[in-house]
Each structure stands twice: as structure tokens, then as C-alpha cells.
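Notes follow once the structure below has been shown.
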Amino acid sequence: MTIRIAQISDTHLSPEKPFFRENFDKIAESLRDSRPDLVLNTGDLALDGADHEADLVEARAAHDSLGLEWHALPGNHDVGDHLDVARRQPVNAARLERYRSVFGPDCWSLDVPGWRLLGLNALTLGLDLAGAADQEMLVRDAVADLGGRSLAIFLHKPLMDETYEEDLASNRFTTKGPRQKLLAALGSVTPALIACGHVHQYRDTLVAGTRHIWAPATSFMISDPWQPGYGVKAVGYVEHAFEADGSFSHRLVGVRGLVHHDLASYPEAYGDVRAWGPGNA
Ligand SMILES: [Fe+2]
Ligand SMILES: [Fe+2]
């Protein structure tokens, strides 16, 4: 039995700034046709959910309109950024509460045949904030009775660029302290897959026995030189196929008619990326 999971990411929806809604609607149409068993959004559901509840509400309604089972995880534009790297909109209790009131739990565990899927809030990892300790307990409990299941972790930010030991002060990746805390909570368990979004690029690497797959955004990419290329700059989504024997595969899915928006063309969204410098986008 194969479980097909469509991982969409970085939808960046907003009723006031609906720049990326048409792409979402095209992908929604494609999902309604292909009917995966589950849709997972790995965060940045909203364009500015950290400060505008209406953006969160819009994103929730858009996902409800899929007519499919779906689960979401928060991104930095939904609950604010991790305190290790936040320059503006730091994650805090009020922002987390607003997210949870619209989307429900910000971390979850879900079993499908042969697999345990663990969805984590990347923005509270290792922090002393409401719900962060519960999340660590969720991870410890999930690996304690894993049995023969394979483990797949979903979260917004990549766990790292190249190695678990690197120490980059970048908002593009999980920072070293929170990463080490997560790895400690996993104990001797090596996840088969860690899947994320956030960078708005598709990438597939194998690090320390774990496959790390970055889903592209449905919304926009950020062109050179405003953001370095780590993988493929495109819009689309990833479809995972999980087998009951613990094996898995995935494919990058493009949808006819998607517009490969460049954030540099939408200063109304987050300001002028050309003024940010190449290290920040
Ligand atoms: Fe994003
Ligand atoms: Fe993000």
C-alpha cells in the first residue's frame, strides 16, 4: 500500500496582497485531480500571519477549499522568526496563540502504514516558549514507541545547509543549538526523511543517513543574486510516496500555468529584496 503525500510549502497567502493566490489555486486544482492521501504545508502559509490574523484566516480557508485531508506547520511568516535569528517579528506567545487559534496545534504526530510522520514547529525549537517543551516531549514520545516504523520529520526550515555540526547565524537554516536539542531528543533514531520548505528552492541531499528534501514554494522564488542558489529555483510542490515496508520516493511536480514569480518584482510584499543584500533573502 502506497501513501501519497503532497508537500506544498510557502503559499504566502493574503486577502490584502493576493499576489500568489493564482498559483495556489492552480496547484489546488491539480491536487483535487490527483487526490493524494494527504496534503502537508510546511509553512509560510500566510504572507504576514505574524502580524495580520486575516492572512492566517485566508490561508486556512484556502486549505479547507482543497476538499482533501490536510495538515499545516507554521513558518516564520506565520508565527514570527526564531529568537536566534529574528531581526523583526520575533516568535512570541501572542503570535503562537493566534496561529493555534486559526490552524490548531503547531506540532503533531501522525501514523500511516510503516511510517510515523512528525510535524514540528521550527520557530520554537529549543526555546523557552509556550508549547516548546510539549514539542520536545512529542519528539521523545514519538521515537520511544516507534517500533519498526520509519520516521519522517516535516518542519519549515532546513535543519542545516551541509552538516549537522555547522554553526551559521542565518535565518535560512535551523541554528546549531536548537538543531542539537532536536537531535538529542531523537536519541539513537535516524529519521529516514526530513522535509522542509522556507528557502523557496527544491533540493535533495543525503546527510548522516537522512534524506533532506526541500520543497519549492507554490508562491515565488528569489532570483540571483538576491539569494544564493542551493538547488532548483522554481515554483511547484513535492509528492512523496511512502511504502509500508519503510521505503519511499518523491518527485518534484510542476503544474501547467504556474507563474514563476520573482520576489524582486513584488516590493509590496516584503520590501525591496534588492536592498537586502545577498545574505538575507
Ligand atoms: Fe516562505
Ligand atoms: Fe520561511
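The values are calculated or read from the model by the stated rules, or taken from the named source; none is laboratory data. The structure displayed is predicted, hence computed values, not measured ones. Here the Cβ positions follow ideal geometry from the backbone for every residue, glycine too, while neighbour counts run over all protein chains shown.
Just one of the listed residues (242, 154, 220, 173) is at pLDDT 95 or above, under 21 Å from residue 8 (Cα atoms) and more than 15 Å from ligand 2 (Cβ to nearest atom), and it is 242. Of all the numbered requirements in (1) out of contact with any Lys or Arg (no Cβ under 7 Å at 6 or more places or on another chain); (2) buried (at least 17 other Cβ atoms within 10 Å of the Cβ), residue 262 misses one, and that requirement is (2).
For segment 138-163, which residues satisfy the criterion of being within 22 Å of residue 214 (Cβ to Cβ) and loosely packed, with under 14 Cβ neighbours inside 10 Å? Even if it seems obvious, please write down each step before you answer.
Step one: of segment 138-163, the residues within 22 Å of residue 214 (Cβ to Cβ) are 139, 150-163.
Within segment 138-163, 162, 163 qualify.
One residue stands out among those in segment 65-86 that are among the acidic types (Asp, Glu) and within 12 Å of ligand 1 (Cβ to nearest atom): the one that is farthest from residue 106 (Cα to Cα), which is 81. Number of residues in segment 136-179 that are out of contact with any Asp or Glu (no Cβ under 6 Å at 6 or more places or on another chain) and either in a helix (DSSP H, G or I) or free of Cβ contacts under 8 Å to residues at least 24 places away in the same chain (or both) equals 18.
Are any of the residues in segment 142-149 hydrophobic (A, V, I, L, M, F, W, C) and within 16 Å of ligand 1 (Cβ to nearest atom)? No; the residues of segment 142-149 include none that is hydrophobic (A, V, I, L, M, F, W, C) and within 16 Å of ligand 1 (Cβ to nearest atom). Evaluate the following for residue 206: is it part of a strand (DSSP E or B) and without any contact (Cβ under 8 Å) to a residue 12 or more places away in the chain? In short, yes.
Residue 188 falls short on exactly one of the conditions (1) more than 19 Å from residue 36 (Cβ to Cβ); (2) within 16 Å of ligand 2 (Cβ to nearest atom); (3) at pLDDT 95 or above, and that condition is (2).
Residue-wise test of (1) under 30 Å from residue 258 (Cα atoms); (2) surrounded by 18 or more Cβ atoms within 10 Å (Cβ to Cβ); (3) in contact with a Ser or Thr (Cβ under 8 Å, 6 or more places away or on another chain).
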{"site": "36", "(1), (2), (3)": "yes, yes, no"}
{"site": "41", "(1), (2), (3)": "yes, yes, yes"}
{"site": "63", "(1), (2), (3)": "yes, yes, no"}
{"site": "73", "(1), (2), (3)": "yes, yes, yes"}
{"site": "95", "(1), (2), (3)": "no, yes, no"}
{"site": "133", "(1), (2), (3)": "no, no, no"}
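Results for (1) without any contact (Cβ under 8 Å) to a residue 60 or more places away in the chain; (2) within 16 Å of ligand 2 (Cβ to nearest atom); (3) on the phi > 0 side of the Ramachandran plot, shown as yes or no for each residue.
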residue: 69; (1), (2), (3): yes, no, no
residue: 77; (1), (2), (3): no, yes, no
residue: 85; (1), (2), (3): no, yes, no
residue: 89; (1), (2), (3): yes, yes, yes
residue: 92; (1), (2), (3): yes, no, no
residue: 97; (1), (2), (3): yes, no, no
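Being away from ligand 2 (no atom under 16 Å from the Cβ), buried (at least 18 other Cβ atoms within 10 Å of the Cβ), of a type outside the set (Gly, Ala, Ser) and in contact (Cβ under 8 Å) with a residue 24 or more places away in the chain is a property that residue 4 lacks.
If you take the residues of segment 238-247 that are in contact with a Gly (Cβ under 9 Å, 6 or more places away or on another chain) and surrounded by 15 or more Cβ atoms within 10 Å (Cβ to Cβ), which of them is nearest to residue 31 (Cα to Cα)?
The selected residue is 242.
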